[in-house]
């Protein structure tokens, strides 16, 4: 389950082993890479490749080896029976082995005004929505690599990009932070949080109500869009209570991809809170598929 780098790599390997893999797209087909621009660090692409193109290539490769794709999100799983039973919409799917590659989803601030304006100037995907704000002033929330990547991409369209972060220190890697700091279109606003997104009544973003966490000062900051870059939540809620997770909900694995249940494996960002790279996701997807092949052979299937 999952159709990002880890799930598609698993499908390629499982297909080549004649295991008849079924790939469930999930609620974010293609995973985070489908919302990424230029990928410069995936081996084999010396000039880089666009994230959606890389996903599409992997998908075609999996289909070539017999992988079947189905639109749907797993809402429940019974891992106490054999075969395992997955609930996808109103349908139940039985499988002898399960690879969980459901990834992680973007986090939101949790403001009512933010939720009301999603799709109307509030977004977590610069690649999807940046074009619509050409020549405008845009805010990006966050202090890690995701926020820097969003901000740098948005400079292609925006007149000005303001990086708003609740602390004065940034978690981003030095190379990404340096790129953002030296870009003429990007300005930094540390020690600041968003109190409200305006204007819900106008059904568009016109400004952010900001608060400085040091001075307590509150003011309205005119922008035409707000993009989120504050991290992700693992898509593993359907397995809570069944599979072991850490305090933040990431699936715990041993020996790289093994969960606590034989025949059930986890790979990619749903189990990786440390690296979270396309290449490491693909690597664990490969491992999971090889483990499935060994498991099915050992159990006579």
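Below is a table of values for the structure above.
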| quantity | calculated |
| --- | --- |
| Flag if residue 170 is part of a helix (DSSP H, G or I), at pLDDT below 95 and touching a helix residue (DSSP H, G or I) at 6+ places or on another chain (Cβ under 9 Å) | no |
| Candidates 124, 105, 134, 113 - the one that is in contact (Cβ under 8 Å) with a residue 12 or more places away in the chain, over 21 Å from residue 251 (Cβ atoms) and under 17 Å from the mean Cα position of the chain (by Cα) | 124 |
| Residue match in the range 284-296 (condition: closer than 27 Å to residue 169 by Cα, out of contact with any helix residue (DSSP H, G or I) (no Cβ under 6 Å at 6 or more places or on another chain) and either touching a residue at least 12 places away in the same chain (Cβ under 8 Å) or assigned by TED's automatic domain parsing to the domain that holds residue 19 (or both)) | no |
| Qualifying strands (runs of 3 or more DSSP E) (wholly inside the range 185-286; at least 1 residues being surrounded by fewer than 22 Cβ atoms within 10 Å (Cβ to Cβ) and touching a strand residue (DSSP E or B) at 6+ places or on another chain (Cβ under 8 Å)) | 186-189, 192-198, 207-212, 218-222, 232-234 |
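Rundown of residues vs (1) in a strand (DSSP E or B); (2) modelled with pLDDT of 95 or more; (3) surrounded by 13 or more Cβ atoms within 10 Å (Cβ to Cβ); (4) assigned by TED's automatic domain parsing to the domain that holds residue 265, yes/no style:
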position: 41; (1), (2), (3), (4): no, no, no, yes
position: 56; (1), (2), (3), (4): no, yes, yes, yes
position: 61; (1), (2), (3), (4): no, yes, yes, yes
position: 76; (1), (2), (3), (4): yes, no, no, yes
position: 80; (1), (2), (3), (4): no, yes, no, yes
position: 86; (1), (2), (3), (4): yes, yes, yes, yes
position: 93; (1), (2), (3), (4): yes, yes, yes, yes
position: 120; (1), (2), (3), (4): no, no, yes, no
position: 129; (1), (2), (3), (4): no, no, yes, no
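The values are calculated or read from the model by the stated rules, or taken from the named source; none is laboratory data. Please read all numbers here as calculations on a predicted model, not as lab measurements. Heads up, the Cβs are rebuilt from the backbone with ideal geometry, glycines too, and the neighbour counts pull from every protein chain shown.
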